[in-house]
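First the structure, in the form of structure tokens, and then the observations on it.
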């Protein structure tokens, strides 16, 4: 065989024959099957079961049809769950928009500074990841407390601009939705900046020069050229922030308002405190479907964009 | 610069439309453009010609307003351009990469520059249609740039830059990305559009053929300095330096010493040719001056017999031979071991058998005294 003559094709021939190639290709699928699909099926199955005084604390019905959809019916009927879903989406949406408004100029700035500065600034964007996430959330609890310099400073700043008889002593920040959004924006900002930077960095600066040359002022150039061409980056960053933010558990648990919980906390409470695993599973499945649709829309958009790119070559 | 009769298409001399006055541009220690002064007439097609890094693109970017001169001034139509941003200049540019907006159709690309102009929608649509007609792209108005071929993109870029009817159009390597056949066609098209619109064109190119066919006048640049400004004929036939002579076309150059100057001729002894070259009388020459003698390959005649009465005749042997179809290049070795390039048109059909000489053949070379270019720098 010719492929046995030259060492490279000989190696690849060996690679194909011995099945290493199939194994290599199969690895991610096996991984996804074992650690995503199987657990997902278990959760879906659990959501169709009933609670039981055993371990694990659920059981299927004794007779046909063995499953029931009561959990999902309760989900849509119970005010607590509906409000938790709405709060989650509301908080996640606000956090996403704020991340975009803060992150876009930062990402754009990263593409414009000289390369030496760029690596330093990129480093600073990634640096918070080197500290424990939990530790950073606790740090925010300290910062937001009524006796902290941050709270006092903010209070003084607001008191300085509002009429004197409206003045107040401190701001109640911890245990509010405001705190949840603030800490989520802080935590997820890098997930907005990095995909946006990757997108903006690839844009051809000559296009901006061409638009300037054709009479557009810098703001018009941004609106007409940079912004429309960075839509894929905005979508990628938006999803990377919105999806984890809507299922966030730790931040609302530590700084959020307990009477207005987010869905992650509801799932957690159902699992641990209420020991109602089927209900918790039903909430998790519902959340997954709510998040899967925007994700699918994005994948569809990406595939279309790539097909367009290919057609251009 | 050697004074000659002006190119027929060169406009009448008056106050130049674009005045580049003692412009320099430095990037750190690097001098990109060094004290350049050029006057470009209204309606002229002017070329900046030079190798990469010669400063021609930097000069173009300063005209467009993307870079500011470190020193010196640029005037366009009498207006000082210092501090005028690109969007306020009466100048448009066609970029080397075309820089078409990928998310806009051909029509939107061409109409983009008109957004900020004071005109009605009907006028705007009219202008876009006119421009698309001019570059023959009307049927493709709804396409996106990635659905076009290279030549079509080039024409969209040209139409977009022309749509605002600028006073000056800057073209950065306009034919650089096109294949040879398309280049030949397009360069005439560009010259044609320039003639029709009457807009002043400034073309940057590294391709001397492109510069020579397109431009009324050419500025030859090297290391940030303008070496010569003149018509295609002037820079080709009357180069003012060995740099220009060597950059434009191919040439045989030899060092020599002026032996004798008379009313009729200049005699230069050229050791590498093993002979004294007779050239036309030249007032700059003094006996004893060290100069360079240059002869274009196509100015040298090649024959089997010794040419009768030729002022400059040399014997040699064909060492190398290249057949290019319309002409052949002979590399002839002289008794002094010097190689001389000679171009000869293949006027008769038949290839090898009809050629003047073959490999190893003994031949005679001759050239007229007027063909010898004498260069002092």
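The values are calculated or read from the model by the stated rules, or taken from the named source; none is laboratory data. On a predicted model such as this, the values are computed, not experimentally measured, just so you know. FYI the Cβ positions are ideal-geometry reconstructions off the backbone, even for glycines, and counts take in every protein chain you see.
Specify which of the listed residues (B:174, B:139, B:145) is away from chain A (no Cβ under 14 Å) and touching a helix residue (DSSP H, G or I) at 6+ places or on another chain (Cβ under 7 Å). Walk me through how you get there before you give the answer.
Values: B:139 fails: touching a helix residue (DSSP H, G or I) at 6+ places or on another chain (Cβ under 7 Å); B:145 fails: away from chain A (no Cβ under 14 Å).
Just one listed residue meets the conditions, B:174.
Failed condition for residue B:64, given (1) surrounded by fewer than 17 Cβ atoms within 10 Å (Cβ to Cβ); (2) within 17 Å of residue B:202 (Cβ to Cβ); (3) in contact with a helix residue (DSSP H, G or I) (Cβ under 8 Å, 6 or more places away or on another chain), with all others met?
(1)
Within the group B:299, B:272, B:306, which residue is touching a residue at least 40 places away in the same chain (Cβ under 8 Å), surrounded by 14 or more Cβ atoms within 10 Å (Cβ to Cβ) and under 19 Å from residue B:357 (Cβ atoms)?
Values: B:272 fails: under 19 Å from residue B:357 (Cβ atoms); B:306 fails: surrounded by 14 or more Cβ atoms within 10 Å (Cβ to Cβ).
Among B:299, B:272, B:306, only B:299 is touching a residue at least 40 places away in the same chain (Cβ under 8 Å), surrounded by 14 or more Cβ atoms within 10 Å (Cβ to Cβ) and under 19 Å from residue B:357 (Cβ atoms).
Name the residues in segment B:90-99 that are more than 8 Å from chain A (Cβ to nearest Cβ), crowded, with 21+ Cβ neighbours inside 10 Å and part of a loop (DSSP other than H, G, I, E, B), would you? Don't jump to the end; show me each part of the working.
Going residue by residue through segment B:90-99, those that are more than 8 Å from chain A (Cβ to nearest Cβ) are B:90, B:94, B:96, B:98.
Checking which are crowded, with 21+ Cβ neighbours inside 10 Å leaves us with B:94, B:98.
Within segment B:90-99, B:98 is the sole residue that qualifies.
State yes or no: is residue B:188 under 30 Å from residue B:76 (Cβ atoms) and modelled with pLDDT under 90?
Values: under 30 Å from residue B:76 (Cβ atoms): yes; modelled with pLDDT under 90: yes.
So residue B:188 fits the description; yes.
Residues are listed down the side, and each one gets a yes or a no for (1) free of Cβ contacts under 8 Å to residues at least 24 places away in the same chain; (2) at positive phi; (3) part of a helix (DSSP H, G or I):
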| residue | (1), (2), (3) |
| --- | --- |
| A:16 | yes, no, yes |
| A:22 | yes, no, yes |
| A:65 | yes, no, no |
| A:93 | no, no, yes |
| A:97 | yes, no, yes |
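From the list B:102, B:166, which one is within 14 Å of chain A (Cβ to nearest Cβ), more than 21 Å from residue B:207 (Cβ to Cβ), in contact with a strand residue (DSSP E or B) (Cβ under 6 Å, 6 or more places away or on another chain) and assigned to a loop (DSSP other than H, G, I, E, B)?
Every option except B:166 fails the conditions.
Go through segment A:47-66 and report how many residues are surrounded by 16 or more Cβ atoms within 10 Å (Cβ to Cβ) and farther than 15 Å from residue A:276 by Cα.
Total meeting the criteria: 0.
Can you pull out the residues in segment A:207-231 that are surrounded by fewer than 18 Cβ atoms within 10 Å (Cβ to Cβ) and either in a helix (DSSP H, G or I) or more than 14 Å from chain B (Cβ to nearest Cβ) (or both)?
In the first step, residues of segment A:207-231 are kept if they are surrounded by fewer than 18 Cβ atoms within 10 Å (Cβ to Cβ); the result is A:217-220, A:222-223, A:227-228, A:231.
Answer for segment A:207-231, where residues must be surrounded by fewer than 18 Cβ atoms within 10 Å (Cβ to Cβ) and either in a helix (DSSP H, G or I) or more than 14 Å from chain B (Cβ to nearest Cβ) (or both): A:218, A:219, A:220, A:222, A:223, A:227, A:228, A:231.
For residue A:252, state whether it is assigned to a helix (DSSP H, G or I), buried (at least 18 other Cβ atoms within 10 Å of the Cβ) and touching a strand residue (DSSP E or B) at 6+ places or on another chain (Cβ under 8 Å).
no
From the set of residues in segment B:333-345 that are in contact with a strand residue (DSSP E or B) (Cβ under 6 Å, 6 or more places away or on another chain) and either in a loop (DSSP other than H, G, I, E, B) or over 14 Å from residue B:250 (Cβ atoms) (or both), which is modelled with the lowest pLDDT?
Filtering segment B:333-345 for residues that are in contact with a strand residue (DSSP E or B) (Cβ under 6 Å, 6 or more places away or on another chain) and either in a loop (DSSP other than H, G, I, E, B) or over 14 Å from residue B:250 (Cβ atoms) (or both), the one modelled with the lowest pLDDT comes out as B:345.
Any residue at all in segment B:72-87 that is crowded, with 18+ Cβ neighbours inside 10 Å, on the phi < 0 side of the Ramachandran plot and within 13 Å of another protein chain (Cβ to nearest Cβ)?
Of segment B:72-87, the ones crowded, with 18+ Cβ neighbours inside 10 Å are B:74, B:76, B:81, B:86-87.
Applying the additional criterion that residues be on the phi < 0 side of the Ramachandran plot yields B:74, B:76, B:81, B:86-87.
Next, from what is left, pick out any that are within 13 Å of another protein chain (Cβ to nearest Cβ): B:86-87.
Yes: one or more hits.
Pull up segment B:39-66, narrow it to residues that are assigned to a loop (DSSP other than H, G, I, E, B) and closer than 18 Å to residue B:169 by Cβ, then point me to the one that is nearest to the chain's Cα centre (by Cα).
The first filter runs over segment B:39-66 and keeps only residues assigned to a loop (DSSP other than H, G, I, E, B), leaving B:41-44, B:50-55, B:65-66.
From what's left, closer than 18 Å to residue B:169 by Cβ: B:41-44, B:65-66.
On the way: B:41: 17, B:42: 19, B:43: 18, B:44: 14, B:65: 24, B:66: 24 Å.
Selected residue: B:44.
Anything in segment B:345-377 that is surrounded by 15 or more Cβ atoms within 10 Å (Cβ to Cβ) and touching a helix residue (DSSP H, G or I) at 6+ places or on another chain (Cβ under 8 Å)? List them, or say none. Before the answer, list the steps.
Within segment B:345-377, the first condition is being surrounded by 15 or more Cβ atoms within 10 Å (Cβ to Cβ), and the residues that meet it are B:346, B:355-357, B:361, B:363-369, B:371-375.
Result: B:346, B:367, B:368, B:371, B:373, B:375.
Does residue A:145 satisfy the condition of being over 30 Å from residue A:233 (Cβ atoms) and touching a helix residue (DSSP H, G or I) at 6+ places or on another chain (Cβ under 7 Å)?
On the way: over 30 Å from residue A:233 (Cβ atoms): yes; touching a helix residue (DSSP H, G or I) at 6+ places or on another chain (Cβ under 7 Å): yes.
When the stated conditions are applied, residue A:145 passes them.
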